[in-house]
1. Can you give me the relative contact order of the range B:576-651 as a percent, contacts being Cα pairs under 8 Å and 6 or more apart?
2. For chain B, take N as its residue count and report Rg(C-alpha) divided by 2.2 N^0.38 Å.
3. Using a simple spin-label model with points 7 Å from Cα along the Cα→Cβ vector, what separation in nm is obtained for residue B:646 and residue B:533?
4. Relative to the present Cα-Cα distance, how much length would full extension add between residue B:515 and residue B:341 at 0.36 nm per residue of separation?
5. Given Cα pairs under 8 Å that are at least 6 residues apart, what percent is the relative contact order of the range A:58-158?
6. Just the number: Rg to Rh for the range A:15-87, Cα atoms, Kirkwood Rh, two decimals.
7. Sketch the reach of a paramagnetic label on residue B:312 as a point 7 Å from Cα along Cα-to-Cβ, and name the residues of the range B:251-283 whose backbone nitrogen lies under 16 Å away.
8. Against the longest principal axis of chain B, how steep is helix B:503-519, in degrees 0 to 90 to the nearest 10, with axes from Cα atoms?
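Here, each number is a calculation from the coordinates, and none is a lab measurement. Keep in mind that what you see is a predicted model, and the values were worked out from it rather than measured. Cβ placement follows ideal geometry from the backbone for every residue including glycine, while neighbour counts extend to all protein chains displayed.
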């Protein structure tokens with residue numbers, strides 16, 4: 001089984017029979033399901049050969065019967081194993097984005113109009129999963145893959161195999177569903193504080209600043225809040241265990257704004273700068289203020305909320321990359 | 001491939017349970033053939049393993065197992081005097097099966113146990129290939145297959161696993177049948193059989209001491225079955241000739257040592273004769289049995305100067321041969337003087353009383369024929385009793401039988417008569433074999449059992465040659481005309497099947513025998529010869545291995561296709577509505593407009609309509625039709641609407 005890696009890769013490319021990635025749903029046609037005996041199957045065949053020779057040598061009529069029955073069993077096992085995989089419908093579900101350094105979890109939906117048991121899916125480098133597929137009810141499989149670099153992480157070719165029912169025969173197929181996972185940059189572990197100052201100075205987009213005039217109330221302090229908004233007096237009045245509170249303001253220009261600017265990050269490695277921006281974006285999002293993002297070629301108008309964060313992270317993830 | 005599963009997972013509790021079960025099921029049919037200590041030890045090991053699994057205790061350490069293997073192998077070696085051969089081999093397999101259970105940790109170990117179980121199922125056939133044995137093997141096969149299933153997927157309940165195993169094995173039956181009939185058979189053995197092969201077979205031995213045949217008479221095992229070409233001869237003519245014993249040491253009769261020859265020492269008569277086919281059970285000795293006197297040696301057989309037929313090797317498997325016999329044939333008129341002289345030898349000083357008596361016959365007689373008549377008259381006068389339970393005899397067995405105890409079985413009669421004739425100067429020898437047999441009314445075959453074993457005498461008369469004299473017939477004529485049960489006094493322990501009060505049992509036995517005979521003829525006796533005959537009858541002009549293999553491959557291919565179609569049939573039986581929609585989508589996919597997974601019929605139709613304005617209207621119509629069939633409550637005209645959709649999809653050419 002020790003095929004040279006390159007040869008194996010070529011076999012797999014050929015075995016796929018289609019140019020990856022394939023549009024979903026992929027139906028594993030007869031032509032792309034391969035069947036070979038497992039090591040157990042080879043042992044079984046060897047045992048049958050010995051039994052046949054024994055039956056001939058000792059003229060055991062019933063020995064012939066038993067040997068041939070078990071031989072037939074082997075043939076039937078091929079059929080069942082093949083049937084367990086062939087015409088399986090593979091489609092992919094939504095794959096939630098992850099940060100670099102995390103595991104990307106791909107959701108695959110396996111659909112079938114007959115019951116299939118004990119399927120195994122695996123990725124060339126990465127996780128594997130075992131699943132049963134009930135009839136007429138798609139089964140959800142998650143395959144985890146380490147996400148190392150930001151950008152699009154395409155689901156690599158996946159292998160599907162089964163040795164059900166007898167473990168003597170292995171049927172397998174490859175497919176490369178058109179699934180990909182967006183990988184955000186890894187948030188920097190150590191990032192400079194949020195660029196409040198710069199953002200005030202350069203904040204042309206909203207009348208500048210944080211609407212300091214109209215005090216609106218308190219909320220729990222979050223690390224990203226500007227220090228001067230902390231309700232120090234309020235805190236001092238209370239005991240030491242009391243939580244820090246942050247003053248919130250409303251004004252004509254409503255929410256506070258901060259600009260996460262590429263220029264504000266320390267010069268150097270692009271990835272490091274993106275990491276810092278990612279960290280900032282998370283902190284800004286957590287602060288609840290409106291915030292905007294400026295990248296060398298593009299910018300995102302200030303906003304807030306999960307969708308805003310997602311858009312920003314997507315921009316960061318795809319910075320300098322083809323968006324498709 | 002690197003991606004193949006290389007790890008062997010640890011066993012789940014259910015899998016351990018299955019492995020134990022297959023251990024018990026595989027051991028059960030073999031247990032009666034194993035030494036008691038081994039069967040007990042194996043059982044103990046299985047129970048121990050079950051206890052360890054139940055209490056979740058760790059398995060014994062490797063060195064302890066090694067010790068057990070060594071001890072067990074030593075025991076087997078001591079018991080059989082060797083580790084090689086059929087019986088020690090089976091014993092070792094059993095031992096390994098039991099001890100392997102004590103170190104099953106992974107699925108691979110489990111597989112080894114299943115394969116061992118298959119081997120043991122085969123080993124059972126060394127001892128018995130009857131229908132019950134086949135049923136026991138079926139149980140082993142189903143359990144072993146269920147165990148294999150559980151090694152791949154341990155979750156289903158035992159009943160479900162067994163059911164699935166039975167179904168899969170059922171699907172394997174057509175292949176088994178094809179392989180059985182068409183797989184080119186090879187006549188074994190391929191190499192020398194171990195010395196202990198065929199031990200434990202019953203049948204006539206090559207010597208006759210007092211008690212040898214009466215011992216056989218307690219067995220109702222079948223010796224051979226006969227199918228006559230035409231009518232069966234009379235019962236009194238059914239003397240099945242076996243070993244001919246000419247050497248006597250005062251107590252035991254033994255055959256003359258001579259080399260077998262290709263042909264009988266007399267010419268086959270041109271006409272007459274009875275043709276028949278014998279299916280001889282394995283008896284571990286080379287003799288073949290034929291009605292007196294056979295005309296020629298069967299195929300692949302030898303003969304002796306004593307008119308006896310021999311197989312080329314000990315009969316270790318059921319064997320069929322054709323023969324033709326001539327009941328009226330007398331042979332040996334030209335017997336060599338040396339042989340005649342040998343047939344007069346008596347050990348010095350043995351049986352003095354009968355010698356004295358014989359000398360007086362000789363003095364009064366004018367010919368050997370006269371001596372014979374006097375001897376017969378003497379045997380009649382003595383009032384000898386034919387019994388299955390004769391008293392034990394001492395040194396002068398003929399004297400004691402004829403003058404003191406006067407009770408004996410056929411070997412006493414034959415031995416004493418031959419001694420008497422020799423003492424009177426008439427060449428005589430003992431012939432052993434079978435006499436009679438029982439016609440099975442179900443299939444018309446004659447069944448000869450061990451209790452039909454018999455011994456009689458042959459004397460050589462000038463001008464006539466060797467003449468059969470059955471001294472038993474003088475005292476117990478019913479033994480020859482009827483059967484053993486009629487001849488022995490009431491109260492003698494008879495084989496169960498010979499007793500009158502069990503006639504219903506006999507009836508049952510007849511039926512069972514007929515089934516067994518069919519089984520023997522067609523399942524166990526399916527030899528290369530019979531395979532050729534059958535295939536010729538089925539219309540294959542020259543069935544050699546090439547033709548058989550080609551036919552086998554073709555038929556297996558057909559069976560495979562049929563089975564594939566059957567197994568995949570459910571996948572073809574998809575929802576007809578979905579099938580139409582799929583068809584439409586496939587057709588559109590050629591234009592790059594395949595339906596997406598999450599797309600409903602109307603969205604899809606709109607997208608297609610935008611891309612292909614030419615078919616927009618039809619596409620929208622189809623979508624509406626599909627949606628109505630799919631989502632509207634079922635209407636009475638559903639079938640018609642579906643048909644309409646089918647036709648419109650068929651015509652749809654984007």
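1. Over the range B:576-651, the number comes to 31 percent.
2. 1.43
3. Between residue B:646 and residue B:533, the simple spin-label model gives 5.5 nm.
4. Stretched out fully, the residue B:515 to residue B:341 stretch lengthens by 57.7 nm.
5. 24 percent
6. Over the Cα atoms of the range A:15-87, Rg/Rh equals 1.22.
7. So the set is B:260-263.
8. 60 degrees
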